[in-house]
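Working notes for the structure below.
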Amino acid sequence: MNAEPARTVPTTLPPLRQVTLGPQDVMIESRTDGCLLLRSPQALGPYPDKITERLVHWAKVAPDRVLFAQRDIAGGWRTVTYAQALRQAREIGEALLTRNLSTERPIAILSGNDIEHALLGLGALYAGIPYAPISPAYSLVSNDLARLRSIFDLITPGLVFAADGAAFARAIQSVVPDDVDVVVGRNPTPGRPTISFDALHGTPTGRIDAAHDAVGPETIAKFLFTSGSTGVPKCVINTQRMWCANQVMLRQALAFFIDEPPVLVGWAPWHHTAGGNHDVGLVIFNGGTFYIDEGKPIPGAIEETVRNLSEIAPTWYFTVPKGFEALLPYLRSDTRLRETFFSRVKMLWFAGAALAQHVFEDVQALAVQACGERILFSTGFGSTETAPFALARTWPTADATNMGLPGAGMELKLVPNEGKLEARVRGPNITPGYWRQPQHTAQAFDDEGFYKLGDCFKFADPADPKQGLLFDGRIAENFKLATGTWVHVGPMRAQFIDACAPYVRDVVIAGESRDDVAALVFPNIDACRALCTDLAPDTAPDIVLDDGRVRAHFTTLLETMARGSTGSSTKICRALLMAEPPSLDKAEMTDKGSINQRAVLKNRAALVEDVYAEAPSPRVIRIRE
């Protein structure tokens, strides 16, 4: 399966590490209604009927190559080769076929990334049975389990898997019906009959072969739930066609995967499309190796990521912006980590949120320091509904926010909307809709069958569309001031976070029907505490945020930003520093850490009123008009 003619990125000074990529080009059709239709000039190559065809291929071509690796108790790596993965997928698939599972009774996976999760998923795919990876936070962090209950009510699973039956006991006992099989990797759930994962194996017969033969492009592979950043999570149907077509789109854009099977060290959750579809898919599709990283980009967990990256040199590295932020201090101070990490990586990739420009620049500078070359530090754009690859930037740029251009085989329609360009997409990688949610499906597509992303873009250079598209905010978040002027929340949030780094973790923009714009700030307490050298490390967050030195620093930051504003819709005049972090149960935050702007404003309406009161409390920071 070959890509269209590819190009090689030219070197400059300092040189850019050579990497083969797809063409930087786009075709544009201007319509009489003001819409623009963007397509790649590259035709989409052929793709298989099912992702497991690639597993079968690599099990023949490279049977002893490691597919998945995960740390064992002793600190070494336990591994599964392609031949072993195929054999176990067939055995697990045979066992699943005896349990009356189907699209109406799929598999629900409660726990996170591990080898058992991967093998169960491959077995389900081989047998043609959908599975639904569910955020572990809905079981382990949520107090009321409300989201988990709503998911179970919607998909009615026939089998549930948890890596640790004891750890997930509360969720299993409270939510899983008695007539649903529970499979555990270890530690049976107290008071509940469970099946050991090791026992979920059957002797392959003609039944599993027939089931695999019956799997086709429209077979549902997975149910994936949206993060809920703008509302309640929706259940996105992911078909084999979506996943396979998307992998070819990805392969044609990042053509170096054709010549060199990727090596990943990844923590991104598999219940998200980026980790579970994009990353797992590109490894299986291209015969790569996936080292499961059990670290996370948070204090106390980033150390495990550092340990893994000090030992395993990836050829492709993906993480969210907070992941690169968390890695930066270690990359600066740890020579071994820096040299190993940059030794053979072909591309760095971020997604999921805006990357602060200083992080973008610092990482590239460290790459030059480590290996004398720049590493292409790129990104793209997509959603759970697009499988997820939709846009990609395959060329170096000084602007971290450049999302690139449409992938091969997909159409991007830009529709004029309140002075912006709303993005809609159509192609073989787009979901057919939401499972058992026809109202959401009907609202998601326009009359030409384009999926409405809900996001806006603008051209990096209107005179040269080949220079890519910049993210320009979400429609659902934007609002008008009392003057009738639109406030575009996405760009303002990104600007605020970048200008206030490292003192801000996130921010919510307020001001609908008000005279000016305000910011409800989720501060970085540790960074704010560092502004007050006499405060003890365990000083309570509210005391830190009430300190006059912290407030004075934020006042200065607001005044500096205000001097660069162009009017009331781009100037933040008020701010409030919030000690209480965003709540998962109240839908203020998704399980991947994204902020639900509207939920925060709704739940913290009293704080908004305080910010805009004629006599606000001392907590409110204001600058002169």
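Counting just the residues of the stretch 584-608 that are crowded, with 16+ Cβ neighbours inside 10 Å, assigned to a loop (DSSP other than H, G, I, E, B) and in contact with a helix residue (DSSP H, G or I) (Cβ under 8 Å, 6 or more places away or on another chain), which one comes out modelled with the lowest pLDDT? Restricting to residues being crowded, with 16+ Cβ neighbours inside 10 Å, assigned to a loop (DSSP other than H, G, I, E, B) and in contact with a helix residue (DSSP H, G or I) (Cβ under 8 Å, 6 or more places away or on another chain), the top hit is 591. The residues on offer are 243, 270, and the sole one that is part of a loop (DSSP other than H, G, I, E, B), not assigned by TED's automatic domain parsing to the domain that holds residue 115 and not small (Gly, Ala, Ser) is 270.
Residue 226 - would you say it is surrounded by fewer than 20 Cβ atoms within 10 Å (Cβ to Cβ), under 21 Å from the mean Cα position of the chain (by Cα), at pLDDT below 95 and hydroxyl-bearing (Ser, Thr, Tyr)? In short, no.
If I filter the stretch 144-168 down to residues being touching a Leu at 6+ places or on another chain (Cβ under 9 Å) and farther than 21 Å from residue 105 by Cβ, which single residue comes out as surrounded by the fewest Cβ atoms within 10 Å (Cβ to Cβ)?
Among them, the one singled out is 167.
Can you pull out the residues in the stretch 343-377 that are of a type in the set (S, T, N, Q) and either assigned to a helix (DSSP H, G or I) or at pLDDT below 95 (or both)? Listed by number, the residues that qualify are 357, 364, 369. Here is the figure for the stretch 480-504: residues that are of a type outside the set (Val, Ile, Thr), part of a strand (DSSP E or B) and crowded, with 21+ Cβ neighbours inside 10 Å total 0. When residue 401 is tested against the conditions (1) touching a Leu at 6+ places or on another chain (Cβ under 6 Å); (2) modelled with pLDDT of 95 or more, the lone failure is (2). Residue-level analysis places residue 280 outside the set of residues that are at negative phi, under 16 Å from the mean Cα position of the chain (by Cα), buried (at least 22 other Cβ atoms within 10 Å of the Cβ) and assigned to a strand (DSSP E or B). For the stretch 609-625: of the residues being outside any loop (DSSP other than H, G, I, E, B) and in contact with a Lys or Arg (Cβ under 9 Å, 6 or more places away or on another chain), which is surrounded by the fewest Cβ atoms within 10 Å (Cβ to Cβ)? Across the stretch 609-625, the extreme among qualifying residues is 622. Can you confirm whether residue 463 is surrounded by fewer than 17 Cβ atoms within 10 Å (Cβ to Cβ) and out of contact with any helix residue (DSSP H, G or I) (no Cβ under 8 Å at 6 or more places or on another chain)? Yes. Considering the stretch 409-424, and only residues there that are over 21 Å from the mean Cα position of the chain (by Cα) and part of a loop (DSSP other than H, G, I, E, B), the residue that is nearest to residue 363 (Cα to Cα) turns out to be 409.
When the stretch 120-136 is filtered for residues that are more than 18 Å from residue 153 (Cα to Cα) and touching a Ser or Thr at 6+ places or on another chain (Cβ under 9 Å), the ones remaining, listed by number, are 122, 125, 126, 128, 129. Please tell me if residue 377 is in contact with a strand residue (DSSP E or B) (Cβ under 7 Å, 6 or more places away or on another chain) and surrounded by 22 or more Cβ atoms within 10 Å (Cβ to Cβ). Against the criterion (in contact with a strand residue (DSSP E or B) (Cβ under 7 Å, 6 or more places away or on another chain) and surrounded by 22 or more Cβ atoms within 10 Å (Cβ to Cβ)), residue 377 qualifies.
Figure legend. Inter-residue proximity from the stretch 602-613: first residues assigned by TED's automatic domain parsing to the domain that holds residue 587, second residues polar (S, T, N, Q), beta-carbon distance below 8 Å, spacing 6+ or different chains. Indicated pairs: 603/583; 610/617.
The values are calculated or read from the model by the stated rules, or taken from the named source; none is laboratory data. Everything numeric in this text was worked out from a predicted model, so none of it was measured. Ideal geometry is used to build each Cβ from the backbone, glycine not excepted, and the neighbour counts take in all protein chains shown.
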